[in-house]
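So the structure is just underneath, and the comments pick up after that.
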Amino acid sequence: MLVEKAKRYALDEHRFINQTYDGRDYGFHLEIAHAVYQHFAHLLDQFDYVSEIATECSVFLHDVLEDSWRVSYNKLKQDFGHKVAEVVYLVSEERGRTRSSRHNHKYLTGVASMTEATFVKLCDNIANVLISCHTESSKFDMYRSEHSNFYDYLYIDEFCDMFNLLDTIYATKKVSVEWVSVIEALEAKYPKLS
């Protein structure tokens, strides 16, 4: 199955470059992003089957182009098809000295130019917010400070449930029991590295 291939590919690339997330194997972040995908997959009813599969693959692959020197747009296109390569390209940050310079108008407009890319970026962002809130990381405040800009560029009615989840977490500084159980299961699967 193409989705399983994408998952293995992403895990292998992030492991090859020794990339971690919150002191854990990078698979921790990717699987939480995929859990967000699964939770909101019903919002993709507007997509055809090919777009749904491409979107799910892209959730796993969303950081490989940005993070691994071994991955190129053409390699993704060859291995996973044009749509996956395009989504991953659009959600990949540009080079920049600061986070704000990487999350600029051109980048966010690019993400917003393709509905599948918007959905993938939202899955990534929600995963980051869930983890940072659950672990009481200082990154939570950074994500919250970026939210209005993110909203201005990426909000579409079809994905309002995703924005509602973000709004609720930001307002309450709490993660629901449902999401805590997902995070804790994945913390057990991906223990802190020594």
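For the chain, the carbon plus sulfur part of the accessible surface works out to 50%, probe radius 1.4 Å. Protein heavy-atom accessible surface, 1.4 Å probe, per residue over the chain: 49 Å². Taking every C-alpha pair closer than 8 Å and separated by at least 6 residues, the mean separation divided by the residue count of region 96-194 gives a relative contact order of 30 percent. Dipole check for region 25-146: with +1 at the C-beta of Lys and Arg, -1 at the C-beta of Asp and Glu, and the Cα centre as origin, the magnitude is about 540 Debye. Each Cα pair under 8 Å and six or more residues apart adds its sequence gap; the mean of these over the residue count of the chain is a relative contact order of 26 percent. Figure note: Lys83, Lys173 ranked by solvent-accessible area, largest first, 1.4 Å probe, ligands and nucleic acids not counted: Lys173, Lys83. Our note on the geometry: Cα centres of region 68-91 and region 144-166, 25 Å apart.
Throw me the Rg/Rh for region 127-194, computed over C-alpha atoms with Kirkwood Rh, two decimals.
Rg/Rh: 1.02.
Across region 1-67, the mean sequence separation of Cα contacts (distance under 8 Å, 6 or more residues apart), normalised by length, yields a relative contact order of 50 percent. Accessible surface of Val50, taken over heavy atoms with a 1.4 Å probe and every protein chain present, rounds to 100 Å².
Here the scattering of region 1-114 is modelled by Debye summation over its C-alpha atoms, one equal scatterer each and no solvent; at q = 0.21, 0.22 Å⁻¹ the log10 of I(q)/I(0) is -1.30, -1.39. Using bins 5 angstrom wide from zero, how does P(r) for region 14-64 break down, in % of all Cα pairs? Bin by bin from 0 Å, the calculated values are 5, 19, 27, 20, 13, 9, 6, 1.
Where the alpha-carbon atoms of region 49-130 are placed on the principal axes, they occupy 34, 27, 24 Å, in descending order. Seen from a random direction on average, the alpha-carbon convex hull of the chain projects onto 10.6 square nanometres.
Annotation for region 98-158: GluC sites (Glu not before Pro) lying in DSSP loop with at most 11 further Cβ atoms inside 10 Å of their Cβ are Glu136.
The values are calculated or read from the model by the stated rules, or taken from the named source; none is laboratory data. This structure is a prediction, so every number in the text was calculated from the model and none was measured. Cβ coordinates were reconstructed from backbone atoms using ideal geometry, including for glycine residues, and neighbour counts include every protein chain displayed. Each accessible area value is taken on the protein alone, full model and side chains, heavy atoms only, with ligands, DNA and RNA left out. Shrake-Rupley method; radii C 1.70, N 1.55, O 1.52, S 1.80 Å.
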